[in-house]
Each structure stands twice: as C-alpha cells, then as structure tokens.
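Structure first, then comments.
The values are calculated or read from the model by the stated rules, or taken from the named source; none is laboratory data. Because the structure is predicted, anything quoted here is derived from the model rather than measured. Using ideal geometry, Cβ is built from the backbone for each residue, glycine included, and neighbour counts are taken over all protein chains shown.
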Amino acid sequence: MILYEFEFYKERFLKDEEISKEVYYQKAGYLPEKNQYFLEDNFHRSLFNQPEEIMPSLISLQSYSLKSPMPEKGVYLILRVTLKYKSHLNKDLRYTSKEREVILKTAIKYDRL
C-alpha cells in the first residue's frame, strides 16, 4: 500500500498554519479466487491479468487533482509518502518462512509552488 499525504501550510511568525490536508492511497494485490491482480485507490478498483500491467497506474499521480486553493506567496507544501508491504525476505534478502511487514516513509518540502 502506498499512502500519499499532501499538506499545505501558510508561513506564520511563531507557528505555521495548516491550510489543508489531502490523503490518497493506492493498494495493489492478488485475488486468488479470480486469478487476477487488482489496484485500488480512493476512487475505484481496477483488475489486471498480469502484475506488469499495474505499474503504469501505480507510479502515476496524474489522476489525483488537489482540491487545495491555488498557491500564493508564503505557502508551502509538504508531501509525505508511506510504503507498506509484506515479504518473506529478511533484511539480507534471504527467504524465510516468517512473513514480515516493512514500512518505509519519506517526506519532502516544496517552498516555491
């Protein structure tokens, strides 16, 4: 699952004020009963026959139009991305029978919009 958080802030003297926050997610998986792969997001669920068919939709954020007001001077954006997945590989990339959940997080600040 990939979680996208868009946070708009207005610069203030002491503490910056949050103007708006929008959260979108994408979840990919396999449906054994249908023998198909799926990609689900905030708006719809799509089915695919091959896992490779999911990638163009998974890496594209063009379908998420932000509802926030147009940026003005003194406004900045913080984009946070969280990636969660399960794997049978340990940290040394060796197969184990135990499944583990991995969570990776990153954030970036855009000052000039």
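Taking the criterion of being among the aromatic types (Phe, Trp, Tyr), closer than 22 Å to Gly29 by Cβ and in contact (Cβ under 8 Å) with a residue 24 or more places away in the chain, the only residue of segment 81-113 that qualifies is Tyr85. Going by the structure shown, is Lys98 assigned to a strand (DSSP E or B), modelled with pLDDT of 90 or more, touching an Asp or Glu at 6+ places or on another chain (Cβ under 8 Å) and more than 22 Å from Phe8 (Cα to Cα)? No: the conditions fail for Lys98.
Among the residues of segment 1-29, how many are closer than 20 Å to Tyr85 by Cα and out of contact with any helix residue (DSSP H, G or I) (no Cβ under 8 Å at 6 or more places or on another chain)?
Qualifying residue count for the region: 9.
Filtered by the rule that a residue be of a type outside the set (Lys, Arg) and touching a Gly at 6+ places or on another chain (Cβ under 9 Å), segment 10-45 gives Glu11, Tyr37, Phe38, Leu39, Glu40. Of all residues in segment 39-58, those satisfying the criterion of being free of Cβ contacts under 8 Å to residues at least 12 places away in the same chain and either exposed (fewer than 11 other Cβ atoms within 10 Å of the Cβ) or of a type in the set (Phe, Trp, Tyr) (or both) are His44, Arg45, Glu52, Pro56.
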